[in-house]
There are 2 protein chains.
Amino acid sequence: MSKLFIVGTGPGDLDLLTPKAKKSIEASTDLVAYGLYLDLLGELCAGKTHHDLPLGEEIGRARLALDLAASGKTVTLISSGDIGIYAMATLVFELLDNTIQNKEPIQNQQWLNIEIEVIPGISAMQAGASKVGALLGHDFCTISLSDLLTPWQTIEKRIHSAGQGDFVISFYNPVSKKRDWQLNTARDILLEYRPAKTPVLIGRQLTRKEEDITITTLDKLDAHDVDMFTLVSIGNSESRHIINGNTQWVYTPRGYSKKL
Amino acid sequence: MSKLFIVGTGPGDLDLLTPKAKKSIEASTDLVAYGLYLDLLGELCAGKTHHDLPLGEEIGRARLALDLAASGKTVTLISSGDIGIYAMATLVFELLDNTIQNKEPIQNQQWLNIEIEVIPGISAMQAGASKVGALLGHDFCTISLSDLLTPWQTIEKRIHSAGQGDFVISFYNPVSKKRDWQLNTARDILLEYRPAKTPVLIGRQLTRKEEDITITTLDKLDAHDVDMFTLVSIGNSESRHIINGNTQWVYTPRGYSKKL
């Protein structure tokens, strides 16, 4: 049978990998992923054929996964986090959509016979929010700050909308090696809508050995403190940073206070 | 040791329960949850003391979990989905915040000695998006339509903001037994911002035995087709519903089309 699993493996900690994701990898002969993600999975990937395409070759990775599955192999395409959130899943369906519309070479029609199963994973915003308490406790949104595929104008409009709606905001792809001004611009936009002292989570390498978590405030958020492996989540106007001895938490209330 | 795990057990399928969540339950003597969530976990909860408070008694449940942990027990407080997303985690931190501020009775100061660990879970929007493909493939938000704790004015403002920003939108708590008009109002607001034919996912009892998934369009969304166990996710203006033989998918493109 021709089968493609499209799988999110969570933020890094193998204890956050779902059994469903694990079983799909075990059932596969071929794994397609950025190499770092396979490294994080360790032993689980032993004995499988690894197809390790570098960052930036997302389209090649999606095509390869489809080609391998169409050739009769059982394949897992892997992203860390949730593969449905700023990751590879949507690209596979875009390729299938083009195939249905005859925009792909005729031989790729074989892709349409593949059985596909998407398996979600714990996303970085969830790993970060849970590590500091309950930052996603009320309405929230996610915005990718990468303008490689989305025009900056669209991103900027979304930041304004998120500010107006007072959503908790998680920024994915906050900076990259070649891209560093977007995060500070986003901060300045949000300062028009919410207090300077709004709590901010800077979560680097969440749940991994190198994990580093900083809780700061919106006015102090700076792109210099952030890299490609970092999630940035901004509280809404009611989010609270509380300190209990050596422990600190950030939470966003849901409105129970009237009843407590 | 006085320990409280605050745990999301995912949408229902035990294959989406993380090992970390499972281990916390295994390590506990006492489980605090709405009974249905314990039923979904089956055997895993055997031999534990169950504290099954009904829906609507969220504050009682949070207080009980804190009291049990403070008395020296190892306790897991459970919500299905992600306990940090429209669930019990934020309420625990709100109670702790009040305790730090001396707004709780003096004996509750003992809550501040509890070691707390929050463990995230797969949320309904992720279960739904993965079942139909990649609906969360680009910037998205969540909005709870329950006005029990949040004024309708705030909710309505968020729906407008989400419409303006063209976010994919997941509605949690779309209706309840006593509450049914909000979803249709939300639909009408969104029709001001995005096409009538925007794909909509209606996901009932996701990943459970009774799972029922409908893909419809924004203009046909109706509160009569939705109940308390249902997630409603609305695509953005670019989301696509595609059909391949007997299979159908919904995805939200990230912008690769220029490169394909």
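Before moving on, here are some points about what is shown:
- Residue check, residue A:150 β-branched (Val, Ile, Thr), open to solvent by 30 Å² or more (accessible area, probe 1.4 Å), over 25 Å from residue B:83 (Cβ atoms) and modelled with pLDDT of 95 or more: no
- On the stretch given as the stretch A:67-92, residues that are more than 11 Å from residue A:8 (Cα to Cα), more than 8 Å from chain B (Cβ to nearest Cβ) and within 22 Å of the chain's Cα centre (by Cα) total 1.
- Residue pairs whose Cβ atoms lie under 7 Å apart, sitting 6 or more positions apart in sequence or on different chains, and linking a residue in the stretch B:233-250 that is closer than 30 Å to residue B:160 by Cα and at pLDDT 95 or above to a partner that is polar (S, T, N, Q) and part of a strand (DSSP E or B), are B:233/B:170; B:241/B:248; B:242/B:248.
- Residues in the stretch B:64-86 that are buried (at least 19 other Cβ atoms within 10 Å of the Cβ), of a type outside the set (D, E, K, R) and not in a strand (DSSP E or B): B:65, B:66, B:68, B:69, B:70, B:80, B:83, B:84, B:85, B:86.
- Residue in the stretch B:50-58 that is in a loop (DSSP other than H, G, I, E, B) and in contact with a strand residue (DSSP E or B) (Cβ under 6 Å, 6 or more places away or on another chain) present: no
- Answer from B:149, B:221 - the residue that is over 18 Å from the mean Cα position of the chain (by Cα) and either more than 30 Å from residue A:144 (Cβ to Cβ) or not hydroxyl-bearing (Ser, Thr, Tyr) (or both): B:221
- Flag if residue B:6 is in contact (Cβ under 8 Å) with a residue 60 or more places away in the chain, within 21 Å of residue B:208 (Cα to Cα), outside any helix (DSSP H, G or I) and within 18 Å of the chain's Cα centre (by Cα): no
- Here is the figure for the stretch A:161-194: residues that are at the interface with chain B (Cβ under 10 Å from one of its Cβ atoms) and open to solvent by 50 Å² or more (accessible area, probe 1.4 Å) total 1.
- Within the stretch A:9-36, restricting attention to residues that are open to solvent by 50 Å² or more (accessible area, probe 1.4 Å) and modelled with pLDDT under 95, the residue that is farthest from residue A:85 (Cα to Cα) is A:36.
- Residue B:95 meets all of the listed conditions (1) in contact with a Ser or Thr (Cβ under 8 Å, 6 or more places away or on another chain); (2) over 22 Å from residue A:17 (Cα atoms); (3) of a type in the set (A, V, I, L, M, F, W, C); (4) at the interface with chain A (Cβ under 9 Å from one of its Cβ atoms) but one, namely (1).
- Any hit, the stretch B:234-253, residues being buried (at least 19 other Cβ atoms within 10 Å of the Cβ) and more than 26 Å from residue A:61 (Cβ to Cβ): yes
- Some residue of the stretch A:43-63 being open to solvent by less than 10 Å² (accessible area, probe 1.4 Å) and under 20 Å from residue B:254 (Cβ atoms): yes
- Within the stretch A:235-260, considering residues that are of a type in the set (Val, Ile, Thr) and part of a strand (DSSP E or B), the one nearest to the other protein chains (Cβ to nearest Cβ): A:242
- Flag for residue B:144 being open to solvent by 30 Å² or more (accessible area, probe 1.4 Å) and within 18 Å of the chain's Cα centre (by Cα): no
- Residue match in the stretch B:166-184 (condition: touching a strand residue (DSSP E or B) at 6+ places or on another chain (Cβ under 8 Å) and on the phi > 0 side of the Ramachandran plot): yes
- Of the strands (runs of 3 or more DSSP E) entirely within the stretch B:123-234, those holding at least 1 residues that are among the polar types (S, T, N, Q) occupy B:140-144, B:168-172, B:212-217, B:230-234.
Residues are listed down the side, and each one gets a yes or a no for (1) over 20 Å from residue A:90 (Cα atoms); (2) of a type outside the set (D, E, K, R); (3) more than 14 Å from chain A (Cβ to nearest Cβ):
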position	(1), (2), (3)
B:147	yes, no, no
B:158	yes, no, no
B:209	yes, no, yes
B:212	yes, no, yes
B:224	yes, yes, yes
B:229	yes, yes, yes
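The values are calculated or read from the model by the stated rules, or taken from the named source; none is laboratory data. What you see is a predicted model; the values in this text were computed from it and never measured. Please note: Cβ atoms are built from the backbone with ideal geometry, for glycine as well, and neighbour counts cover all protein chains shown. Quick note on the areas: whole protein, heavy atoms, side chains included, nothing else; ligands and nucleic acids left out. Shrake-Rupley method; radii C 1.70, N 1.55, O 1.52, S 1.80 Å.
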